[in-house]
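Enquirer: Structure provided below as structure tokens; questions to follow.
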Amino acid sequence: MSTQHTPGPLVPTGMTVVTKDAFFAALFADKRDIMPTTEAREHTPWRIVATRAMWGWSSTGYASKFGAPEVFAIANTTRSEAS
């Protein structure tokens with residue numbers, strides 16, 4: 001008997017998966033202007049407005065399927081660059 005594994009969303013390279021609470025705590029603690037984008041239908045890149053650098057990523061997008069798993073990730077450089 002074989003078991004089929006449904007893979008979760010692929011987190012972009014250079015990102016660290018965090019909890020939803022940790023993601024939003026870091027977002028609100030960062031003083032830079034960071035906004036979600038609509039670049040993709042199935043996930044949401046979060047970018048620093050001034051530089052367009054990727055700050056974070058979340059697995060759900062504006063066209064995600066209902067009940068899709070929520071995964072949050074923060075760029076590995078985010079914590080050291082926040083001011």
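The values are calculated or read from the model by the stated rules, or taken from the named source; none is laboratory data. Remember, it's a predicted structure, so these values are computed and weren't measured experimentally. Cβ: placed from backbone, ideal geometry, glycine included. Neighbour counts: every protein chain shown. Quick note on the areas: whole protein, heavy atoms, side chains included, nothing else; ligands and nucleic acids left out. Shrake-Rupley method; radii C 1.70, N 1.55, O 1.52, S 1.80 Å.
Enquirer: Which value in nm describes the separation of the simple spin-label points at V17 and R32, placed 7 Å from the Cα toward the beta carbon?
Expert: Output for this residue pair reads 2.5 nm.
Enquirer: Let me cross-check V18: its accessible surface, 1.4 Å probe, with only protein heavy atoms counted, in Å² to the nearest 10?
Expert: Its heavy atoms expose roughly 30 Å² to the probe.
Enquirer: Ok, one more. Take peptides 51-62, 35-46 and line them up by average Cβ neighbours within 10 Å, highest first, as a rough protection proxy.
Expert: 51-62, 35-46
Enquirer: Calculated FRET efficiency, F24 and Y62, Cβ-Cβ r, R0 25 Å, to nearest 0.05?
Expert: E(calc), rounded to 0.05, equals 0.85.
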